[in-house]
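Below is one structure, written out as C-alpha cells; comments come after it.
The values are calculated or read from the model by the stated rules, or taken from the named source; none is laboratory data. Since we're looking at a predicted model, the values are computed, not measured. Don't worry about glycine lacking a Cβ; one is built from the backbone with ideal geometry, like all the others, and counts go over all protein chains shown. All accessible areas refer to the heavy atoms of the entire protein, side chains included, with ligands and DNA or RNA removed. Shrake-Rupley method; radii C 1.70, N 1.55, O 1.52, S 1.80 Å.
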Amino acid sequence: MSAQTKDVLEKYPSYQATIGIEVHVQLKTKSKIFCGCSNNFGDEPNSNICQVCAGYPGTLPVLNKKVVDFAIMAGLAADCTITPKTDFARKHYMYPDLPKNYQVTQDDNPICQNGHITIELEDGSEKQIRILRMHMEEDAGKNIHTTLGTSLVDLNRAGTPLLEIVSQPDIATAQEARAYLMRLRSIVQYLGISDADMEKGSFRADVNVSVKKKEATQLGTRVEVKNINSFKYIGQAIDYEIERHITMLETGETMRMETRLWDSKNNKTFFMRSKEETADYRYFTEPDLPLIVIDDAWIENLRKQLPELPHHKLARFQKEYGLSGYETAILVDTQERADFFEAAAKAGAPAKPIANWMLRNLLSFLNESKLSLTESPVTPHHLAALVNEIEQGTINNKIAQDVFAEMAATGKMPAIIIEEKDLKQVGSSDELEAIVKKIVEDNPDSVAKLKAGQDRVLGFFVGQVMKATQGKANPVVINELLKKYLG
Ligand code: ZN
Ligand code: MN
C-alpha cells in the first residue's frame, strides 16, 4: 500500500487523461425508499417485497424520510449546496428486473449540487475533485441467470435506496481515481449512511475515461467502464483504457463512444455496447410523489450530527501528532483505524512510531489473517507498550519485529514475551564493551582494511557484534563502542 504506484501516463508524457466517476452508494436505511419492506442484504429471494416495490399498477410510493436525511448528510460532507426544493422523476426503460418499466430517480433538481472532495496523493499533495451532483433513486431488482439456461428475477433489491454521486471530470490518473473513491467510501462509512462494500455491491463505480494530446483543445472520445468491483481493478481498468486510447490515437483508428466491462481474469476491458445514440429515457416529474421542501432547520439539525470527517481528522492528526502526508491518509481511511491509532497514542507512547507500526506491521498482519481491527489480538494497549519497550531501550527494532509476531500470535503483552524469551538488549555497556573489544582483537585483517579506507567493513563488525549477542545489542551503543575501538 505504501509502495509508490506508477501511473501508465508516465510512459506517455505528451498525453493527458480526463476521468469522471459516477458512484452508486446503497443507503443503509432499515426500510426501502418508497415502501416499508426490509432493506436487508442477502435474504431469501423475493422475501422482502410488496406491491409497491414489485411495481403493481395503482400502488402509491411513500418517501422514506431517512433517505433524504442521508442524502443531505452526504451533501454537507462534500460541501454541496442542498437544493431547497427537490423532486423525483421517472426514467423509462424496460428490463426484467424493473417491473414498473421506469426507475424513480431525480433529473433536473438533484438534492445536492456543486460540492467537492479533497484527496491526498502519494507525493503528499492535495487535490480537490468537484462534485457535480448527488441524487436519490431506487435500485432495480436482480436477474439471476442459472446454469440450466433459465433466468430468475429477485426483487429484494428493487426499491433499495441509492445515492448517485457524480464527479466533474477533474481526475487525471488512476491513482487520483482510487484516492477519490477511497475517500468517498470513507466519508459515507464515517457518516454511517452506507456499508460501502464493493464486493457486496453497496458501492458501485462507473468510470468515464477520455484521452487527448496535451495541446489538443477538444476532449477525446469518452468511454465508460461499468461495474468494476474493487479499487485495484478500477486502477487497472483506467490504465488499460488510457493505454488502449493512446494506441488507437497513435495508429489513427476511429474511437467510438462505448460502454465496456472489466475482465479481471485477463486484465482487460471488453466491449459491452455502443453509446452513439443517447437512450431516450423520456424523463418526466414523478406525479405520485410531492415536491420535497428542505428548510434550513432541517439542514442545520443534520449538520450538527456530522462526525469529524476523514479530511478534517487527517489535518488534526498531522497537527496534533506531527504525522505527515500520505500515510496519515491511510490511518484515517476508516473510523476504526483512526480510533485505534488515537487510543494507542493516548496510552502514552509516541505517536509517530505507533503510526509506523500500524502501517508497516499491524495492517498487513490483519490483512493476511483476514481479521478486522476490532478482532485484532494486538490492541492499542499492546502496541503502545511495544513502542515504549523500544523507546526505553529494552529491545531494539529488529527484536521488536519478533515480539510483534509473538504478540500477534498469542495476544501476550510485550513485557511478558521479552521476559519469557529472554530478549532484553545486552544493555550494560560493560558487557557489550567486552564483546566489541574481543571482536576487534580477533579480526586484525578487517581492522587493517577499515583503516585503509574500506568503510564497508564497518558493517562486518556490526554484524559480528549482533551475532555474538543474538541480535539483542543496542545498535546505537554498538556504533559508539566500535568508534572507540576502531578509532
Ligand atoms: Zn416493498
Ligand atoms: Mn443511477
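Numbers at a glance
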item: Hull volume in cubic angstrom per residue (convex hull over the Cα atoms of the stretch 86-154); result: 133 Å³
item: Span from the the stretch 432-478 Cα centroid across to the the stretch 238-272 one, whole angstrom; result: 58 Å
item: Extension gain (nm, one decimal) between Tyr93 and Gln318, 0.36 nm per residue minus Cα-Cα; result: 76.1 nm
item: Compactness of the chain - radius of gyration and Dmax, Cα, Å; result: 29.0, 98
item: Rounded tilt (10° steps) of 310-321 against the dominant C-alpha axis of the chain; result: 20 degrees
item: Reference-scaled alpha-carbon Rg (2.2 N^0.38 Å with N residues) for the stretch 310-420; result: 1.02
item: Qualifying chymotrypsin sites (Phe, Trp or Tyr not before Pro) for the stretch 45-143 [loop in DSSP, other Cβ within 10 Å: at most 14]; result: Tyr93
item: Nearby aspartates and glutamates by direct alpha-carbon distance to Lys66 (threshold 15 angstrom, same-chain neighbours under 8 apart not counted); result: Glu137, Glu138
item: Average accessible surface area per residue within the stretch 3-302, 1.4 Å rolling probe, Å²; result: 48 Å²
item: Protein accessible area in the stretch 7-46, 1.4 Å probe - carbon and sulfur %; result: 49 percent
item: Spatially proximal aspartates and glutamates relative to Lys213 (Cα-Cα < 18 Å; intrachain offsets below 8 disregarded); result: Asp7, Glu10, Asp170, Asp239, Glu241, Glu243, Glu250, Glu253
item: Computed [θ] at 222 nm, helices only, for the chain once each DSSP H run of length n ≥ 4 contributes -39500 (n - 2.57); result: -11500 deg cm²/dmol
item: Whole-percent carbon and sulfur share, accessible surface of the stretch 429-486, 1.4 Å; result: 53 percent
item: Eligible aspartates and glutamates near Lys85 by straight Cα distance, threshold 15 Å, same-chain separation 8 or greater; result: Asp69, Asp107, Asp108, Glu286, Asp295, Asp296
item: Partnerless cysteines, meaning none of the other Cys C-beta atoms lie under 4.7 Å away, in the chain; result: Cys35, Cys37, Cys50, Cys53
item: Coil-residue chymotrypsin sites (Phe, Trp or Tyr not before Pro) of the stretch 222-286, DSSP, other Cβ within 10 Å capped at 16; result: Tyr281, Tyr283
item: The stretch 339-434: trypsin sites (Lys or Arg not before Pro) falling in loop per DSSP and having at most 12 other Cβ within 10 Å; result: Lys370, Lys421
item: Percent carbon-and-sulfur accessible area, the stretch 229-290, ignoring ligands, DNA and RNA, probe 1.4 Å; result: 47 percent
item: Where the stretch 429-486 is the region considered: accessible area per residue in Å², 1.4 Å probe; result: 62 Å²
item: Links that overshoot a 24 Å alpha carbon limit, given the list Lys398/Lys483; Lys28/Lys142; Lys304/Lys352; Lys313/Lys352; Lys6/Lys232; Lys127/Lys212; result: Lys304/Lys352
